[in-house]
Structures are given as structure tokens and as C-alpha cells.
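Have a look at the structure below, then the notes.
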Amino acid sequence: MEKGRKTAIVTGASRGIGHATAKLFLDRGWRVITCARAEPEADFRLDQTWSRHINVDLVDAASVDAFIAEANGALDGEPLYALVNNAGMSPKSPNQERLGCLNGDIDAWRDVFELNIFAALKLGRGFAQALASGSGAIVNVTSIAGHMIHPFAGSAYSSSKAALSALTREMANEFAAIGVRVNAVSPGEIETDMIQPEYEMLIPRIPLNRMGTPDDVARAIYYLSGEDSSYVTGTEIWVTGGQHMF
């Protein structure tokens with residue numbers, strides 16, 4: 001990868017919000033290191049001239065360590081200007097019903113927390129030096145479900161996203177000492193693979209009267225990653241169309 005361009009790392013970038021975010025950074029002249037459990041589908045592949053994709057299972061500790069080592073090697077001593085912790089999961093029952101506190105496998109909760117919160121912490125630590133050298137930014141992708149009971153998002157997902165909001169504040173406080181800002185975006189109902197037909201019933205609760213798009217979230221992430229937000233840290237931006245007000 002060519003030196004001299006700002007670099008961002010985007011996790012969970014094979015589709016949805018992660019892919020839209022990686023594409024936006026590329027369109028605006030950045031180079032991008034992406035990761036996911038598998039290769040992106042053909043329709044989602046990015047410009048290989050300015051991007052590099054690394055397969056990683058962020059639930060697995062050894063895989064995370066290997067990813068950090070490979071991505072730091074790809075940086076080759078160059079600063080990292082943005083780390084976008086987007087990867088996440090929300091398990092459902094076999095018939096796609098919401099998993100609550102009284103049902104579901106406790107081990108599934110552990111996997112959710114490993115991906116939705118511990119991965120963000122591990123990657124923040126793993127790229128701290130590269131981020132500090134660029135006075136960079138970390139953006140964590142939380143969720144409206146982390147702030148209120150959601151009719152479809154499971155309890156493990158919602159609890160992990162609430163924890164990620166708290167982690168964002170703690171990281172913002174501590175990473176400020178090395179010149180790195182840490183913020184979050186909290187999406188509402190966004191048209192991705194996680195959305196099922198029953199989500200249509202939620203649109204009347206959204207003042208802007210539509211679901212959001214991955215691009216809506218990507219633009220908020222980009223703002224928090226760049227110079228326009230240089231005095232913003234410890235903040236969570238709601239990207240919900242106003243749904244969070246109710």
C-alpha cells in the first residue's frame with residue numbers, strides 16, 4: 001500500500017455500514033484496511049489499489065492478535081488516522097425471534113460481548129501507538145438498542161452496545177493522554193442485512209419517516225474521524241432519524 005495517504009481501519013467491512021464506511025473513506029482519498037470473517041462478496045469488493053482486506057475472526061483472541069500484527073505491518077510505520085469498530089452481531093433464535101435474558105445459550109452472550117465490546121478494546125490497544133502518531137480517532141458503532149428496550153434486538157446485543165457506549169467514554173478519557181479522540185455513532189433502524197420485514201412497523205416511530213441508510217451512518221463516522229471534529233471526544237452521535245427522542 002502506497003505511503004503518504006491517510007489510513008483508516010474499518011472492521012466488519014464486507015457489507016452494510018462497514019462497507020459503506022470503507023467506500024466513503026476511499027472516495028475521499030484515504031487508503032483503507034478492512035477486515036471481516038471472510039472475503040467480501042464480489043459486489044462488495046473495494047478498489048484494491050488503495051485498500052487491503054484481511055480475514056479475521058474478532059471473537060477469537062489469536063485471530064485478533066494476528067490481525068493487529070498484520071495491519072500494523074501493512075501500515076509500515078505510517079500513522080493510523082482512524083479506527084472504526086463497526087463489527088458486531090445480534091444472535092436470534094432458530095425462528096428469528098428475539099433472544100432475551102430467560103432464553104438462549106449463555107455462551108452466545110459471551111461471543112456477543114467478545115465481538116461487540118472486547119474487540120473494540122483490544123483493537124484500540126493494539127493500534128494505540130499508530131493512532132497516537134497520527135493524532136487519530138476511534139469511532140465505535142453502538143446502537144439505539146443500547147439505550148432503550150428494542151422490540152427485536154436481543155438482550156445480549158442491547159447489553160453489549162450499552163457497554164460499548166460506556167467503554168467509549170472511558171477510552172475517550174484515557175486515550176486523550178496520547179492525543180487520540182474516541183467517539184461513537186448510535187444508529188437506529190438502518191437498512192442492512194440485520195433488518196427483517198417486521199422492522200417496517202417501527203417507521204411510524206421515526207420522525208423523519210424512513211429507515212436510515214448505511215451511507216447516513218458512514219457520513220457521521222467520517223465526520224468523527226476527521227479534522228472537522230478535532231475538539232470532539234467522548235461523544236455519541238445519534239443516527240436515528242429522531243427515533244431516540246421517544
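Laboratory data are not the source of any read-out in this text; all were calculated from the coordinates shown. Note that the structure is a prediction, hence the values are computed from the model and not measured. Note that we place each Cβ from the backbone using ideal geometry, even for glycine, and neighbour counts take in every protein chain shown.
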So, in the chain, how many Lys pairs have Cα atoms under 26 Å apart, if the pair is 8 or more places apart or on different chains? 9
How do the peptides 13-23, 210-220, 97-107, 140-150 rank, highest first, by the average count of neighbouring beta carbon atoms within 10 Å per residue? 13-23, 140-150, 210-220, 97-107
Compute the Cα gyration tensor for region 131-246, then decide on rounded, prolate or oblate, letting a ≥ b ≥ c be the square roots of its eigenvalues: rounded whenever a/c is under 1.5, prolate when a/b is larger than b/c in the other cases, and oblate in all that remain. prolate
What does DSSP give for the chain in terms of the percent of beta bridges that are antiparallel, rounded to the nearest 5? 0 percent
With a cap of 16 neighbouring Cβ atoms within 10 Å, and only residues DSSP puts in a loop, list the GluC sites (Glu not before Pro) found in region 167-246. Glu191
Using Cα centres only, tell me the gap between region 10-70 and region 109-134 in whole Å. 15 Å
Could you derive backbone 3J(HN,Hα) for region 10-17 from the dihedral phi with the Karplus parameters 6.51, -1.76 and 1.60 (θ = phi - 60°), listing whole Hz in sequence and x where the residue is Gly or Pro? 10, 8, x, 9, 6, 6, x, 4
If you count, for each residue, the other Cβ atoms within 10 Å and average over each peptide, how do 155-167, 27-39 line up from highest to lowest? 155-167, 27-39
